[in-house]
Amino acid sequence: MAGIGILVVCVAAVGLGLALAAACSLPSRRSAARDDAAWEGWAAEHGWHHVGAHASLSGSSWFRPPSPAQRRGVVVRDLTTAVGDHVVRAVEHRRWVTVGDGEGEKVVVEDTALVEVDEAVRDAPAVILRPRGWPVTRWEEQIGKLPEVDAGPLGATFTAGSRDAGYARALLAPSLARLAGPPKPPGSVVVDGRHVTMTWDGPLTTTTLAPAVAVLVALVDALPADLPAPVRRRRDLERRSGIERFVADSAAQAPAPEPGWFAGAGRDLAAGDPFIGSRRPGA
């Protein structure tokens with residue numbers, strides 16, 4: 001009889017655990033579904049095509065650690081639209097990283113937003129324009145530190161970096177002067193090969209998406225048509241877009257180990273997970 005009692009207690013404990021897991025998972029799944037629905041509605045109203053959240057992100061992270069693919073990075077949000085003759089793509093990239101806070105390590109969520117105009121310039125080394133006073137973004141960290149060059153007519157608003165000062169000087173022509181005024185764009189501009197990308201560390205929202213697109217399209221339209229051949233041509237024969245390069249470079253990085261996940265890192269992740277709670281377009 002004692003054995004049967006212990007078995008009943010074990011079954012009850014397992015059942016209670018499953019019930020608690022479902023109770024934790026269901027709210028985040030519902031929140032993710034509402035978030036997707038809100039984005040789909042906004043996209044339909046504003047001429048964007050929207051791809052919803054990655055399937056691996058729709059469950060609760062409170063009791064389940066992220067997979068290796070999640071830690072390396074996945075595209076959470078993916079939108080495309082046409083603006084005049086240009087195709088614009090916007091994505092939100094997410095990865096889980098282990099960081100030290102002086103008292104130990106914890107797992108946190110890092111969001112990176114990227115907005116891109118395709119087929120804008122000829123193959124060329126990267127030229128980066130960062131709003132003055134703003135921190136270096138993750139995209140710039142992946143490219144590596146570039147020598148600072150004269151930002152030309154954009155010098156009042158941006159600092160510039162490139163390994164080809166002559167090409168950067170020709171790229172930053174007087175025709176771009178009207179883009180030097182306020183307000184500052186939401187992120188750094190990366191002219192990389194045939195693509196012009198704006199990136200910032202944080203989620204993709206409609207309040208940041210609209211000005212990013214406006215700045216990029218105006219920048220592309222103002223670029224000089226007679227750019228010289230760069231000193232250093234790109235060796236990337238695939239001509240991947242800036243977004244594709246960022247995602248691929250992130251995926252190539254080995255995920256950090258996560259010691260003691262169940263001891264407390266899960267709670268830290270839950271506290272910073274945008275899917276636990278509400279994050280609507282425009283937030």
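Listed by first and then second residue, the pairs linking a residue in region 70-91 that is more than 17 Å from R194 (Cα to Cα) to a residue that is modelled with pLDDT of 85 or more and acidic (D, E), with Cβ atoms under 6 Å apart and 6 or more places separating them unless they lie on different chains, are V76/E92; R77/E92; V91/D78.
For region 65-111, the set of residues classified as of a type in the set (A, V, I, L, M, F, W, C), buried (at least 17 other Cβ atoms within 10 Å of the Cβ) and within 30 Å of D226 (Cα to Cα) consists of V88, A90, listed by residue number.
What residue, of L129, L114, L171, is of a type outside the set (D, E, K, R), surrounded by 17 or more Cβ atoms within 10 Å (Cβ to Cβ), closer than 16 Å to T197 by Cα and under 17 Å from the mean Cα position of the chain (by Cα)?
Numbers: L129 fails: under 17 Å from the mean Cα position of the chain (by Cα); L171 fails: under 17 Å from the mean Cα position of the chain (by Cα).
Step by step, each of L129, L114, L171 is checked, and only L114 is of a type outside the set (D, E, K, R), surrounded by 17 or more Cβ atoms within 10 Å (Cβ to Cβ), closer than 16 Å to T197 by Cα and under 17 Å from the mean Cα position of the chain (by Cα).
Of everything listed in (1) modelled with pLDDT under 85; (2) open to solvent by 40 Å² or more (accessible area, probe 1.4 Å), the single unmet condition for R163 is (1). Return yes when A229 is modelled with pLDDT of 60 or more and in a loop (DSSP other than H, G, I, E, B) and no when it is not. Taking the combined requirement at face value, the residue satisfies it.
Got a number for residues in region 161-189 being in a helix (DSSP H, G or I) and among the charged types (D, E, K, R)? Give the derivation first.
Restricting attention to region 161-189, the residues satisfying the condition of being in a helix (DSSP H, G or I) are 165-171, 174-180.
Filter once more, so that each one left must be among the charged types (D, E, K, R): 169, 178.
Residues that pass the stated criteria total 2.
Looking at region 140-149, is at least one residue crowded, with 18+ Cβ neighbours inside 10 Å and under 22 Å from D226 (Cβ atoms)? Yes, because at least one residue in region 140-149 is crowded, with 18+ Cβ neighbours inside 10 Å and under 22 Å from D226 (Cβ atoms).
Please determine, by comparing only the residues of region 107-123 that are touching a helix residue (DSSP H, G or I) at 6+ places or on another chain (Cβ under 6 Å) and farther than 22 Å from V74 by Cβ, which one is modelled with the highest pLDDT. Filtering first and then ranking leaves V117. Taking first residues from region 142-154 that are more than 21 Å from A218 (Cβ to Cβ) and partners that are of a type in the set (D, E) and outside any helix (DSSP H, G or I), the Cβ contacts under 9 Å between residues at least 6 apart in sequence or on separate chains come to I143/D192; V149/D164.
The values are calculated or read from the model by the stated rules, or taken from the named source; none is laboratory data. Worth saying up front: this structure is predicted, and the values here are computed from it rather than measured. Ideal geometry is used to build each Cβ from the backbone, glycine not excepted, and the neighbour counts take in all protein chains shown. Just so you know, the surface numbers come from the protein's heavy atoms only, side chains and all, with ligands and any DNA or RNA stripped out. Shrake-Rupley method; radii C 1.70, N 1.55, O 1.52, S 1.80 Å.
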